[in-house]
1. Among the candidates PHE141, PHE121, single out the residue that is more than 16 Å from GLY277 (Cβ to Cβ), aromatic (Phe, Trp, Tyr) and touching a residue at least 40 places away in the same chain (Cβ under 8 Å).
2. Filter segment 246-267 for residues that are of a type in the set (Ser, Thr, Tyr) and under 18 Å from GLY158 (Cβ atoms); which is most open to solvent (accessible area, probe 1.4 Å)?
3. Go through (1) surrounded by 20 or more Cβ atoms within 10 Å (Cβ to Cβ); (2) at pLDDT 90 or above for PHE301 and report which single condition fails.
4. Quick check on segment 268-278. Is at least one of its residues at pLDDT 90 or above, open to solvent by 20 Å² or more (accessible area, probe 1.4 Å), of a type outside the set (Lys, Arg) and within 30 Å of ALA188 (Cα to Cα)?
5. Here are some conditions: (1) of a type in the set (Val, Ile, Thr); (2) open to solvent by 40 Å² or more (accessible area, probe 1.4 Å); (3) more than 21 Å from PHE141 (Cβ to Cβ). VAL217 meets all but one. Which one does it not meet?
6. If we only count helices (runs of 4 or more DSSP H) wholly inside segment 1-103, which ones have 1 or more residues that are at pLDDT 80 or above?
7. Can you find a residue that is surrounded by fewer than 16 Cβ atoms within 10 Å (Cβ to Cβ) and over 23 Å from VAL354 (Cα atoms) anywhere in segment 33-47?
Amino acid sequence: MTVQTASETLSEKLLQRAAPSRAEYEDLVVVPVFAFIVALIIGALVMLATAVDPVTIGRSYIALWEGSVGSLNAVSETLTAAAPLILAGLGLALGFRAGLFNIGAEGQIIVGGLVAAIVGFSFEGLPWIVHLPLTLLAGAFAGAAYASIAGWLRAATGAHEVISTIMLNLISYRLLDYMLRLSWVQKAERADPISKSVLESAQLPRLFAWIDANLRVHAGLFLVVAAVILIYWLLFRTKLGFEFRASGENADAARYAGIRAPLIIVTAMGSAGALAGLAGANQVLGVLGRATPGFSAGIGFDAISVALLGRSHPIGVLFAGLLFGALKAGGRQMQVDAGVSIDLIGIIQALIIVFIAAPLLVRAIFPWGFRKPMTDEKDSAS
């Protein structure tokens with residue numbers, strides 16, 4: 001096959017994806033649903049193997065449900081946990097679509113959140129309508145700049161983004177420790193490394209504080225919805241998004257078609273970093289109110305699972321983030337009510353990813369849930 005033929009085939013494939021087929025629906029929706037079901041079943045078997053009686057298993061799953069969607073407070077906690085996962089997951093999905101395996105979201109969250117905290121406690125006297133957007137933009141810009149380092153290294157030297165983003169993650173941990181010890185960042189009269197509190201004018205307001213002061217869901221939820229819509233539009237309705245997807249499908253054909261690979265690499269990494277930086281700003285401005293060591297709480301690594309579960313599609317990432325947020329919120333309730341270790345949630349999340357990575361296994365377990373392969377072959381042949 002010539003490069004020209006490959007380029008034409010690539011264009012046809014990308015244009016066909018504008019109208020999702022039955023196979024794509026199965027890949028995006030059916031496989032993750034069945035993967036979740038199997039993960040719950042195996043999770044129950046793991047509990048049985050560790051001498052947990054069936055009654056406690058049933059009580060733990062009831063607590064998981066009640067802790068995630070069983071009350072207004074539960075839904076609030078689910079949405080609060082899901083928001084940064086979705087933002088960071090969207091960034092990773094964007095990179096995956098462009099053929100870049102960016103696993104540096106954790107470091108980008110830390111840098112974005114740290115800068116957002118600094119801008120948030122500075123500039124006293126600014127009205128919230130100026131201060132809050134400025135703080136969010138600062139966090140996004142910081143995350144984009146930090147991720148662009150790995151993008152530039154890949155474009156200029158060929159250094160693989162997996163290695164460079166791992167190194168940047170480690171650097172971000174030490175950078176956070178250093179910055180939190182500076183006198184103009186550290187909170188006055190505190191010996192431990194903790195930043196000054198974000199001013200009220202830069203905080204993301206809680207949405208239902210008028211109902212219950214303990215409901216933590218905040219205005220970052222609107223930011224998440226806007227980001228999902230924006231990334232969907234960017235990927236499937238713009239020239240830049242087409243170039244991202246073309247580069248991810250076949251880099252050689254994309255270059256032959258005139259797409260500038262170095263620019264796409266840096267732009268994709270920068271865009272992913274901006275979303276991760278927003279996730280960090282979301283945590284600092286909406287939940288914590290300050291920067292502390294470990295404030296990222298592994299969100300950047302969990303976001304990799306979210307992006308994979310969502311099949312690198314914005315809508316899929318949205319639902320995957322909600323699921324993982326529900327698991328986080330419900331897991332705490334499960335531990336309290338049933339006495340089951342919260343580590344079980346980690347096992348369930350890992351099992352979901354295992355089955356997502358092996359769709360043929362899911363299809364073999366639930367053959368009745370999928371269209372027969374023979375039909376797919378006839379469709380493609382025709």
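The values are calculated or read from the model by the stated rules, or taken from the named source; none is laboratory data. Not measured: the values here are computed from a predicted model. As a convention, Cβ positions derive from the backbone with ideal geometry for all residues, glycine included, and neighbour counts pool all protein chains shown. Side chains included, ligands, DNA and RNA excluded: accessible areas come from the protein's heavy atoms. Shrake-Rupley method; radii C 1.70, N 1.55, O 1.52, S 1.80 Å.
1. PHE121
2. Among them, the one singled out is THR267.
3. The number of the failed condition is (1).
4. At the first step, the residues of segment 268-278 found to be at pLDDT 90 or above are 268-278.
Applying the additional criterion that residues be open to solvent by 20 Å² or more (accessible area, probe 1.4 Å) yields 271, 274, 278.
Now narrow it down to the ones that are of a type outside the set (Lys, Arg): 271, 274, 278.
Going one step further and asking which of them are within 30 Å of ALA188 (Cα to Cα), we end up with 278.
Looking through segment 268-278, at least one residue is at pLDDT 90 or above, open to solvent by 20 Å² or more (accessible area, probe 1.4 Å), of a type outside the set (Lys, Arg) and within 30 Å of ALA188 (Cα to Cα).
5. Failing condition for VAL217: (2).
6. Once the helices (runs of 4 or more DSSP H) in segment 1-103 are filtered for at least 1 residues that are at pLDDT 80 or above, what remains is 31-49, 54-69, 72-97.
7. no
Condition check ((1) over 23 Å from GLY325 (Cβ atoms); (2) surrounded by fewer than 24 Cβ atoms within 10 Å (Cβ to Cβ)) across all residues:
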| residue | (1), (2) |
| --- | --- |
| LEU90 | no, no |
| LEU100 | yes, no |
| ILE118 | yes, yes |
| PHE141 | yes, yes |
| ALA144 | yes, no |
